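Below is one structure; the comments refer to it alone.
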Amino acid sequence: MNGRRIAAAIALLGLVVSGRSAHAQEDATSVAAARTIGLEGLRLAESGNCREAIEKLERAEKLHHAPTTLAKLGECHVQIGKLVLGTEELARLVREPLAADAPPAFVSAKARAQKLLEETRPRLAQLHIKVVGPASPQVTVDGETVPAALLDIDRPTDPGAHTVEATAPGFKSASSPVSLKEGERVPVTLTLEVDPNAHVVVDANTSRSGATQPKESDAKKSEGGSGMRVVGWTLLGVGAAGLVTGGVAALLASGTKSDLDNACTADGACPRDQESAISRLKTESTISTIGLIVGGVGVVGGVTILLASPSNSGSARVGNAAAPKPVARAPKAPFLSVGPSSVALRGEF
């Protein structure tokens, strides 16, 4: 009992000195509250009641840092089996430099922390978690999220029973219980299978399992096919307009030529008053030729692109499988026929 009282008195002395020196500028109310709560936590810990002491020591440490409080907090966490947390608290104290005139209570607390840290670190278990399936799974141990950086490496873990669970959109979840002994290394591999009932697109191109998957999604293929159809219909419209323009110009040129045949002699001599008609015939013939050529090229190009573009109904995905595509008879290539007074487009579509 005397030893416990002495230890508590030393700890209290450390808190008092701390409040008067390095933290003299700190809020006095916080320092006083930390001293009262910390002393209560130290007494609980000295009496063997670490579970209740931890709450007091944590509150005191948050209000006002003292090596004596942090050392006892780390000791209590180790005592109740939280080795990972306890060793980190002890290591933080061991790394903390003390002033040359630090009170004996602080020096003693740091020395105890160093000794306990060296004894506890070999007791830490190592859990090696690997997930096969999705590229970015969500992993938890006892409900606590495990960062992606801690996958596929040894993760310091408290000895005892644990539950490892992994989930990912589009995959069935998987879990595994594991029991760790002190200083033991245990590998755990969870394989996530694709959920056929999930309404998501599973991107397994970067899958951990390395399964071969399509490199281009159906959505991108559909967008590409839609763009090609827009171009095809545009060319077809331009071609149709060209054919109409060329056809009209050809009809006008045919009428003008008929008028000139009536007004001119058989050897081609025409009166001077027909010069404007001759010029108009040349213009109409030129427009007819250009219109028919542009129209023919536009129609042929548009039809060709429309036939080559993929159809939205060509393939439908069901789960992870694609519906079979119907076998179509290859169409005959279209061709354009231009006559003196007619234009014809032939082929099968």
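Looking across segment 89-116 at every residue that is among the charged types (D, E, K, R) and within 43 Å of the chain's Cα centre (by Cα), the one that is surrounded by the most Cβ atoms within 10 Å (Cβ to Cβ) is identified as E89. Once segment 63-88 is narrowed to residues that are of a type in the set (D, E, K, R) and in contact (Cβ under 8 Å) with a residue 24 or more places away in the chain, the residue that is farthest from R35 (Cα to Cα) is K82. Here segment 62-88 is the region considered, the condition is being at pLDDT below 95 and aliphatic (A, V, I, L, M), and the residue that is nearest to the chain's Cα centre (by Cα) is L63.
One residue is enough: does segment 214-228 have a residue meeting the conditions farther than 30 Å from K82 by Cα, in a loop (DSSP other than H, G, I, E, B) and either among the β-branched types (V, I, T) or at pLDDT 95 or above (or both)? Taking every residue of segment 214-228 in turn, none turns out to be farther than 30 Å from K82 by Cα, in a loop (DSSP other than H, G, I, E, B) and either among the β-branched types (V, I, T) or at pLDDT 95 or above (or both). Evaluate segment 143-153: report whether one residue or more is hydroxyl-bearing (S, T, Y) and within 24 Å of E193 (Cβ to Cβ). Yes; the residues of segment 143-153 include at least one that is hydroxyl-bearing (S, T, Y) and within 24 Å of E193 (Cβ to Cβ). When A253 is tested against (1) modelled with pLDDT under 80; (2) exposed (fewer than 15 other Cβ atoms within 10 Å of the Cβ), only condition (2) is not met. When we screen S313, S309 for residues that are at pLDDT below 70, closer than 25 Å to L235 by Cβ and among the polar types (S, T, N, Q), the only hit is S313. Within segment 278-306, the set of residues being of a type outside the set (D, E, K, R), closer than 23 Å to K257 by Cα and out of contact with any Cys (no Cβ under 8 Å at 6 or more places or on another chain) comprises S279, L281, T283, S285, T286, I287, S288, T289, I290, G291, L292, I293.
Note on segment 155-181: residues that are over 27 Å from the mean Cα position of the chain (by Cα) and assigned to a loop (DSSP other than H, G, I, E, B) amount to 3.
The values are calculated or read from the model by the stated rules, or taken from the named source; none is laboratory data. Here the structure is a predicted model, which is why all the values come from computation and not from measurement. All Cβ positions, glycine included, derive from the backbone under ideal geometry; neighbour counts span all protein chains shown.
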